Amino acid sequence: MMLGYLLARAGIDVTVLEKHADFLRDFRGDTVHPSTMQVMYELGLLDSFLARPHSEVRSLAVQIGDELIQIADFSHLPTRAKFVAFMPQWDFLDFLAEQAGYFSSFHLLRQTEATGLAHEAGRVAGVTGTGPDGPVTVRAELVIACDGRHSTLREASGLHVTELGAPMDVLWLRLSKHGTDPGQTLGRIDAGRFFIMLDRNDYWQCAFVIQKGGIDQVHARGLDAFRAEIVRLAPFLHDRVQELATWDDVKLLTVAVNRLETWYQPGLLLIGDAAHAMSPVGGVGINLAIQDAVATANILVPRMKNGAPTLDDLRAVQKRREWPTKMTQRTQVVIQNRVITGVLSSTQTPKPPALLRLAGRVSLLRRLPARVVGMGFRPEHIRH
Ligand SMILES: Cc1cc2nc3c(=O)[nH]c(=O)nc-3n(C[C@H](O)[C@H](O)[C@H](O)COP(=O)(O)OP(=O)(O)OC[C@H]3O[C@@H](n4cnc5c(N)ncnc54)[C@H](O)[C@@H]3O)c2cc1C
């Protein structure tokens, strides 16, 4: 959606296919990072974005056992917005779709699912799919696959994917929020447990991390045991865990971390999770996808004003974004392997590592994680 906006803004005719009728789905995370808001500031969109309901998180804390430790402080970032904005992703996407709709060169086809690639003269020349009125073919000088971590177009391309592995899956659930609840503590860590709570104003969006493939064991222990686990991690939720009436209220999100070796073919480019599926660690995947979109527009817009991009242009996009992707995924995998695996297999309350304790005491040390999470490894800026 962001790339659709940027291309349409540059006067390039762009059609975005979205398989759903709306963006109202609950599996995407909520974080809009300082670097994404910097991009919106550069586009003149920041004030109207922040006028939409959201909450602002200026520092991150984690509770390990009974100890609350501050781990990141965004207030010193060299960006316009020195906080992470929490906004349900459907609101963010609605906002971008509305803004893009002001450009006559922008077209959004909802309820239109891309099911395959159309080829012509040895190159990708469009997509085939199904829309509300039946089969459709959309022809294009360039197809950009932004269809997420289960990308159909990546599958259709046959490009090689390298799996980096993830030790966990996530159970995604919501519980109501009361006025007397404590403020946002993002992560709670205890013996064998990792629990994250996102403030969505009138309810808590919760992520309960389990060992990969461990869903059958969770089910076998029963819903009462699961509710009791939640209360152990966040005792103030005791009066509402019954809102989880059946397992239907607890969705399983499988986590994958992988990336393509080559992000393009003649006529086709892949970006975002379609090129590199991100772990939820750090909540940075949305931001990385947005940064890919900005870099893609920066590189391709001058070329596309004069015709179709060449393979060298597509290669330039991968070259620009591959390093930040690798750095981010490496960081995520280290945290997965060193922290999350250890926590999930522990039977005693883990002790905070010395460095984390130190960060809790020395404010300067909280700036580095804030920079990595808030801005990423190579923040992009609007060029055209
Ligand atoms: C459990 C979990 C929690 C996460 N939490 C966070 C978080 O808090 N913050 C964060 O930054 N990142 C988070 N992430 C990572 C983040 O969700 C992704 O990195 C990010 O959404 C990638 O953006 P994208 O635009 O590439 O793909 P997506 O956000 O997946 O968007 C793909 C879009 O394409 C549409 N689509 C898919 N297939 C087709 C098709 N065939 N035809 C037409 N349309 C199609 C989909 O409906 C969707 O709208 C989380 C990931 C997981 C697994």
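Per residue, what accessible area does the chain have, given a 1.4 Å probe and all protein chains present, in Å²?
45
For helix 285-304, what angle does its Cα long axis make with the longest principal axis of the chain, in degrees from 0 to 90 and rounded to 10?
For 285-304 against the chain, the angle is about 10 degrees.
How large a share of the accessible area of the range 1-74, in percent, is made up of carbon and sulfur atoms when the probe is 1.4 Å and the other protein chains stay in place?
The C+S portion of the solvent-accessible surface of the range 1-74 is 48 percent.
In the range 99-225, what percent of the accessible surface is made up of carbon and sulfur (1.4 Å probe, ligands and nucleic acids excluded)?
Solvent-exposed carbon and sulfur of the range 99-225 make up 50 percent of the total.
Accessible area of the range 318-384 with a 1.4 Å probe: how many percent of it is carbon plus sulfur?
Roughly 60 percent of what the probe reaches on the range 318-384 is carbon or sulfur.
Which FRET efficiency, nearest 0.05, do D22 and T347 yield, Cβ-Cβ r, R0 56 Å?
For R0 = 56 Å, the calculated efficiency reads 0.80.
If packing is taken as the average number of other Cβ atoms within 10 Å across a peptide's residues, how do 331-342, 296-307 rank, most packed first?
296-307, 331-342
Which lysines have a Cα less than 25 Å from the Cα of K212, not counting those fewer than 8 places away in the same chain?
Reachable lysines: K251, K326, K351.
Quick check on packing: order 117-125, 2-10 by the mean number of other C-beta atoms within 10 Å, highest mean leading.
Averaged packing, sorted descending, gives the order 2-10, 117-125.
Quick check on packing: order 353-359, 226-232 by the mean number of other C-beta atoms within 10 Å, highest mean leading.
226-232, 353-359
At 0.36 nm per residue, minus the direct Cα-Cα distance, what do S363 and T137 gain on full extension? Give it in nm, one decimal, please.
Extending this stretch completely gives an extra 75.9 nm.
Against the longest alpha carbon principal axis of the chain, how many degrees, from 0 to 90 and to the nearest 10, is the axis of helix 223-233 turned?
Around 80 degrees separate the two axes.
Using 0.36 nm per residue of separation minus the Cα-Cα distance, give me the extension gain between L50 and Q217 in nm, one decimal.
So the chain would gain 55.9 nm between L50 and Q217.
List the aspartates and glutamates whose alpha-carbon lies under 19 Å from that of K177, not counting same-chain residues fewer than 8 positions away?
List returned: D26, D30, E56, D199, D202, E229, D239, E243, D249.
The values are calculated or read from the model by the stated rules, or taken from the named source; none is laboratory data. Not measured: the values here are computed from a predicted model. Cβ sites come from the backbone with ideal geometry, for glycine too, and all protein chains shown count toward neighbours. When the accessible area is computed, the model is the full protein with side chains, heavy atoms only, and any ligands, DNA or RNA have been set aside. Shrake-Rupley method; radii C 1.70, N 1.55, O 1.52, S 1.80 Å.
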